[in-house]
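Notes follow the structure.
The values are calculated or read from the model by the stated rules, or taken from the named source; none is laboratory data. The model shown is predicted, which means the values in this text are computed figures rather than measured ones. So basically every Cβ, Gly included, is an ideal-geometry build from the backbone, and we count neighbours across all protein chains shown.
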Ligand SMILES: [Zn+2]
């Protein structure tokens, strides 16, 4: 994640010049003072809207991450703990940007504790770490349900969902699944990695290795995969479960299915076997 992307700066300049140009041309050719005044107003509104996010991100990065937060991250995220100094710094900045950009709240919009927020942000920062121009693949923030499950009508305590990547809405997860995701960093279970992987899948991210995933899915559906059984549900679940394993137990994956490991290594641009310690 970055404060502002080069391509956005280019568009900002191009649109600004066009707006000013229209104002000047209108004033000169029609002699109408309303043109430059209107252009100035539109330019101001345009700049305010476009620069809101970069401004917010810059402000978030002004303060370094508080030391107790770093300690908490190192205790709960094996990925963060394993990074070198430069990698840690970038991870910390991604956490700050994520927290400044995305709401993370309870089902009734009530505040959730800082630790829960840090865990969510740590999951997102790890997944995006290999590609500095990637943004989180969802827009509407994160909602944390009380307890361990909810149903398709979003009723807590019912149904069987521990998390959900809603198509046009927030990422949903439960308090329990979030806690369990970071309890054992090597067990291949992490609801953030899982649901975020679904977004990459839903967003139609180009995955040129469909056959590799299909092959592994067939194995999983017959109970012959090293991945947990849930991977056999369908190919989308295979991708999500494989992503969890890639970030938490990549050693096993590289041994059992090097082609699957290589596919995910290329997709996320990370060599987790080398990174994780
Ligand atoms: Zn899933």
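Odds and ends about this structure:
- Contact map, the stretch 177-198: residues that are on the phi < 0 side of the Ramachandran plot and free of Cβ contacts under 8 Å to residues at least 24 places away in the same chain paired with residues that are within 11 Å of the ligand (Cβ to nearest atom) and part of a helix (DSSP H, G or I), Cβ distance under 9 Å, separation 6+ or inter-chain. Pairs shown: 180/191.
- The residues in the stretch 226-247 that are closer than 19 Å to residue 186 by Cβ and in contact (Cβ under 8 Å) with a residue 12 or more places away in the chain can be counted, and the count is 12.
- Residue that is farthest from residue 103 (Cα to Cα), among those in the stretch 174-198 that are within 13 Å of the ligand (Cβ to nearest atom) and in a loop (DSSP other than H, G, I, E, B): 189
- In the stretch 102-130, the residues that are within 11 Å of the chain's Cα centre (by Cα) and under 21 Å from residue 58 (Cβ atoms): 102, 121, 124, 125, 128, 129
- Single residue of 48, 12, 40 found to be closer than 29 Å to residue 97 by Cβ and surrounded by 12 or more Cβ atoms within 10 Å (Cβ to Cβ): 12
- The lone criterion from (1) farther than 23 Å from residue 3 by Cβ; (2) part of a loop (DSSP other than H, G, I, E, B) left unmet by residue 64 is number (1).
- Within the stretch 219-242, tally of residues that are near the ligand (Cβ under 10 Å from one of its atoms) and part of a helix (DSSP H, G or I): 8
- The condition of being within 13 Å of the ligand (Cβ to nearest atom) and without any contact (Cβ under 8 Å) to a residue 40 or more places away in the chain holds for only one of 163, 169, 141, 159, that being 163.
- Of the numbered criteria (1) modelled with pLDDT under 95; (2) over 25 Å from residue 181 (Cα atoms), the one residue 86 fails is (1).
- Listed here are the helices (runs of 4 or more DSSP H) enclosed by the stretch 70-173 that have at least 3 residues being crowded, with 19+ Cβ neighbours inside 10 Å and in contact with a helix residue (DSSP H, G or I) (Cβ under 7 Å, 6 or more places away or on another chain): 85-101, 114-128.
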